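What follows is one structure encoded as structure tokens, with my remarks underneath.
The values are calculated or read from the model by the stated rules, or taken from the named source; none is laboratory data. All values derive from a computational prediction rather than experimental measurement. For neighbour counting, all protein chains shown are included, and Cβ atoms are generated from backbone atoms with ideal geometry for every residue, glycine included. Side chains are part of the model used for accessible areas, which takes the heavy atoms of the whole protein and leaves out ligands, DNA and RNA. Shrake-Rupley method; radii C 1.70, N 1.55, O 1.52, S 1.80 Å.
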Amino acid sequence: MKKILLSILSLCTLSAIGQSDNITTQLYDTYENYKESSIGKRRIKRTDIQPLIDKLATNDKFKVNTAGTSIGGRDLSLISIGTGDTNVFLWSQMHGNEPTATQAIFDILNFFDSADFKKEKEAILANLTVHFLPMLNPDGAELYQRRNLLGIDINRDALRLQSPESQTLKRVRDSLNADFGFNLHDQSTYYNAERTDKPATISYLAPAYNYEKDINETRGNAMKIIVFMNDILQKYAPGQVGRYNDDFEPRAFGDNIQKWGTSTILIESGGFPEDIEKQEIRKLNYTSILSAIYTIAQKSYESINIEEYEKIPENDRKLFDLKIVGANYELLGNTYTIDLGMNQIEVDYPDHNSFWYSSRILDQGDLSTYYGYETLDATGYTITQAKVYPKTLNTFSEVENLNFNDLLKQGYGYIRLSKFPAKHINSPFPVHLIGAKYIIPELNLMPGINPTFFLEKDGVIEYAVINGFLVDLKKSDIQVPNGMIFR
């Protein structure tokens with residue numbers, strides 16, 4: 001009997017999900033029609049979204065109100081659409097350096113402002129009122145940092161409500177008495193779906209509302225929506241969905257908003273191969289969130305089996321940007337076999353509008369339980385020190401005229417300059433630049449150092465690793481965004 005009941009529940013889940021398959025496909029396929037092109041990079045600021053908000057304020061379809069201000073005096077705007085009795089509340093960028101969903105929100109708003117999907121939009125707007133609070137932490141966004149100007153994590157301020165941003169979020173939630181809440185974040189790109197090499201492109205959580213992790217109707221509905229969204233994402237990012245640990249955090253907003261009676265869905269945008277600016281992930285947010293809003297309006301989520309929630313793989317953190325496996329490494333007269341895991345770490349320029357890379361070795365040894373966005377089997381290859389080019393150059397122009405492919409094939413990873421332009425804080429070339437008196441330390445692989453070395457086999461250099469980026473010297477294309485400067 002139990003098996004029959006589970007089968008019936010699974011069929012109900014498939015039926016509920018199947019009802020929205022068509023609209024989901026259409027949303028994904030037509031996304032470019034609604035993408036807000038003015039905010040195509042991650043480091044967006046309040047000044048970037050203000051013109052979009054101002055435009056919405058003149059549009060009769062939307063209600064736009066200033067819900068509060070940040071510590072730095074920047075407005076926090078609430079944008080609402082619809083006339084239905086069920087309130088759906090979405091807030092984004094509680095952490096200033098987590099902008100993916102903020103971008104997706106403006107794509108969704110463009111969708112609602114369009115003349116397309118008339119039947120589906122009528123169903124949504126007649127049954128729901130949808131409220132958006134994009135960029136809850138505009139001061140953090142200005143500096144591209146997680147915390148607000150007080151230096152606190154807003155997502156750990158649900159009890160004390162010290163910061164005005166926290167107070168605004170609580171006040172809006174309470175005034176709406178929201179039925180559903182979407183807590184929108186970015187997570188590290190180094191999370192993977194448990195025991196797989198797949199990045200956790202999107203991770204979910206229906207937060208617990210008590211230490212016992214009880215499941216009441218409020219939390220159960222959040223789980224059902226997550227099951228629904230996971231099924232959608234499997235079509236476009238198969239195996240790339242994770243689930244957060246649901247230990248209760250009494251200071252967190254998600255846990256408390258769940259406790260206050262709003263079915264709360266945490267969505268974390270992670271990594272996707274070759275998607276540095278997270279624009280494919282933005283598209284997945286747009287498609288899955290809009291589809292979820294539609295299923296809430298239709299109430300088709302109600303028949304979904306929440307037991308499917310636990311089947312989503314847990315989040316793990318075992319991804320590197322580059323993993324090198326089984327290389328020979330000579331140390332003090334002995335040869336060892338070693339794996340290396342490297343991350344290409346972003347460093348903001350002073351204006352926080354763009355970034356450069358200062359990569360690091362994160363781990364080494366036996367990394368057989370870890371994965372890489374890019375992995376090289378270096379069995380039979382020996383790690384060798386990068387050399388300094390024998391001629392000291394005077395200008396960047398002289399460096400630019402070098403043949404970098406030939407240079408790397410000869411094992412040169414450093415160029416000595418007699419002087420540096422003051423404005424440069426990194427090398428714009430696929431080699432490092434060093435000062436006139438700088439001495440290259442002997443290669444001693446260790447977590448924390450900048451990964452720069454070569455891989456040779458039978459006396460021939462075939463690969464270079466420059467600032468954590470792998471160069472296949474059998475090819476002419478060199479994809480190293482920047483080198484370092486060591487003065």
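For the full complex of protein chains and a 1.4 angstrom probe, list I276, I345, I289 by accessible area with the highest value first.
Numbers: I276 95, I345 65, I289 5 Å².
Greatest to least solvent exposure: I276, I345, I289.
Separation of the alpha carbons by more than 31 angstrom is noted, of K278/K475; K278/K387; K45/K437; K45/K419, for K278/K387; K45/K437; K45/K419.
Dipole magnitude for the stretch 336-474: about 700 debye, using +1 per Lys or Arg Cβ and -1 per Asp or Glu Cβ, origin at the Cα centre. Of the DSSP H helices in the chain, those with a Cα length along their own long axis of 27 Å or more and a mean Kyte-Doolittle hydropathy reaching -0.5 comprise 217-236, 279-298.
For the stretch 38-171, count the residues as N, evaluate 2.2 N^0.38 Å, and divide the Cα radius of gyration by that value, please. Display every interim value, and only then the final one.
On the way: Rg = 15.0 Å, N = 134, 2.2 N^0.38 = 14.1 Å.
The stretch 38-171 yields a ratio of 1.06.
Within straight-line reach of K224, meaning a Cα separation under 21 Å, sit the following lysines at least 8 residues removed in sequence or on another chain: K2, K3, K213, K235, K259, K299, K311. Cα centroids of the stretch 150-216 and the stretch 61-111: 16 Å apart. Probing with 1.4 Å while keeping every protein chain in the model, the per residue accessible area of the stretch 227-318 equals 34 Å².
Give me the lysines in straight-line cross-link reach of K61: C-alpha distance below 19 Å, same-chain residues under 8 apart excluded. Hits, sequence-local ones excluded: K35, K118, K119, K121. Heavy-atom accessible surface of the stretch 363-479, averaged per residue, reaches 51 Å², computed with a 1.4 Å probe.
Think of the stretch 208-312 as having a plus end and a minus end, set by charges on the Cβ of Lys, Arg, Asp and Glu; of Q298, Q234, T218, Q298 sits farthest toward the positive end of this dipole. Here the stretch 163-272 has 45 percent of its accessible surface on carbon and sulfur atoms, given a 1.4 Å probe and all protein chains in place. Counting only protein heavy atoms and a 1.4 Å probe, the stretch 13-134 has 40 square angstrom of accessible area per residue. A 1.4 Å probe over all protein chains sorts V172, V388 by accessible area into V388, V172, starting with the largest.
Taking every DSSP bridge with both residues inside the chain, close to 55 percent are antiparallel.
What shape does the stretch 117-211 have by the C-alpha gyration tensor, where a ≥ b ≥ c are the square roots of the eigenvalues, rounded means a/c under 1.5, and otherwise prolate means a/b greater than b/c and oblate the rest?
On the way: a/c = 1.67, a/b = 1.08, b/c = 1.54.
Cα axes put the stretch 117-211 in the oblate bin.
Charge tally around G341: other residues with Cβ under 15 Å, Lys/Arg +1 each, Asp/Glu -1 each, net -4.
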